[in-house]
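The values are calculated or read from the model by the stated rules, or taken from the named source; none is laboratory data. These numbers were taken from a predicted model, which means no experiment stands behind them. Positions of Cβ are generated from backbone atoms using ideal geometry, with glycine treated the same way; all protein chains shown enter the neighbour counts. To get the accessible areas, we keep the full protein, side chains included, count just its heavy atoms, and leave off ligands, DNA and RNA. Shrake-Rupley method; radii C 1.70, N 1.55, O 1.52, S 1.80 Å.
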Amino acid sequence: MKVLVPVKRVIDYNVKVRVKADQTGVDLANVKMAMNPFCEIAVEEAVRQKEKGTATEVVAVSIGPVQAQETLRTALAMGADRAILIQTDQDLEPLAVAKVLAAIVAEEAPDVVIMGKQAIDGDNNATGQMLSALLGWPQAAFASELVLAAGSAKVTREIDGGLQTVEVALPAVITADLRLNEPRYASLPNIMKAKKKPLDVKELSALGVDTVPRLKVLKVAEPPKRTGGVKVGSAAEIVSNLKSNGVI
């Protein structure tokens, strides 16, 4: 069973995000980048499936600039067998990403795609669902537990009312939620081994995929700064403050 795992290079979650002075986007200059945390969970799950003997090959794929090779090397150090970089300096929208991944799926013919439910930069939570629709494959989103078997996948997912277990036929798209697992740290020997694992680089233009933007960002702004708290003497005073501040 071949598992394809898309991964994304994003600003490290420990870094405070800064908005550009002209509000055209997020400032990435001299900012530490890392693999998207949900993508890490997806890679970990794919590697665990291989360790169980369920999966035979784990292929990591990323879409981004040349620096995204570092992200893919991290996936290889975690246990992926090989990697593919679709190189582009474009900031692709979820639909364009889904189209590119669909083209890779057509080339690689994986049995299952395991990917993070969302990236922490855009927080769109849309690519997995769009990829499923483009491929005509079943999907199971927000997986907190995954059991792969021949021809099917049983997925436990978190919903508002508790837990829901669904079974989908393979091939399928599965998106990983936070509680699916805890990603491992790549050991130094595995980091060294990852440098020798195959990493193919392809130009986005070679895929012949329409990635023309359909959205236009008008402005990016930081959230308003929080004001300090105040002490009140009674419940009536709380209500009065809330009313005066337009909260209720």
| If we keep just the residues of the range 195-230 that are modelled with pLDDT of 90 or more and of a type in the set (S, T, N, Q), which is nearest to residue 107 (Cα to Cα)? | 205
| Output for the range 51-60, where each listed residue is open to solvent by 10 Å² or more (accessible area, probe 1.4 Å), part of a loop (DSSP other than H, G, I, E, B) and within 11 Å of residue 148 (Cα to Cα) | 53, 54
| task | Mind listing whichever residues of the range 40-50 are open to solvent by 30 Å² or more (accessible area, probe 1.4 Å) and more than 16 Å from residue 72 (Cβ to Cβ)? | result | 48, 50
| message | Can you find a residue that is part of a loop (DSSP other than H, G, I, E, B), within 28 Å of residue 151 (Cβ to Cβ) and open to solvent by 40 Å² or more (accessible area, probe 1.4 Å) anywhere in the range 87-108? | response | no
| task | Just give me the residues in the range 142-180 being touching a helix residue (DSSP H, G or I) at 6+ places or on another chain (Cβ under 6 Å) and surrounded by fewer than 19 Cβ atoms within 10 Å (Cβ to Cβ), in sequence order. | result | 144
| request: Please go through the range 195-248 and pick out each residue that is within 24 Å of the chain's Cα centre (by Cα) and β-branched (Val, Ile, Thr). | output: 201, 209, 211, 212, 217, 220
| What about residue 246, is it at pLDDT below 95 and on the phi > 0 side of the Ramachandran plot? | yes
| Residue count for the range 223-247, restricted to those that are among the charged types (D, E, K, R) and exposed (fewer than 10 other Cβ atoms within 10 Å of the Cβ) | 3
| Residue, most open to solvent (accessible area, probe 1.4 Å), within the range 109-133, restricted to residues that are of a type in the set (Val, Ile, Thr) and closer than 30 Å to residue 150 by Cβ | 127
| request: Return a yes/no flag: does the range 27-39 have any residue that is open to solvent by less than 20 Å² (accessible area, probe 1.4 Å) and either among the aromatic types (Phe, Trp, Tyr) or in contact with an Asp or Glu (Cβ under 8 Å, 6 or more places away or on another chain) (or both). | output: yes
| request: Consider only pairs whose beta carbons are under 8 Å apart and that are at least six residues apart or on different chains; among these, list those whose first residue lies in the range 113-132 and is among the acidic types (Asp, Glu) and whose second residue is open to solvent by 40 Å² or more (accessible area, probe 1.4 Å). | output: 121/8; 121/26
| message | If I go through the range 1-39 residue by residue, how many of them are out of contact with any strand residue (DSSP E or B) (no Cβ under 8 Å at 6 or more places or on another chain) and touching a residue at least 60 places away in the same chain (Cβ under 8 Å)? | response | 2
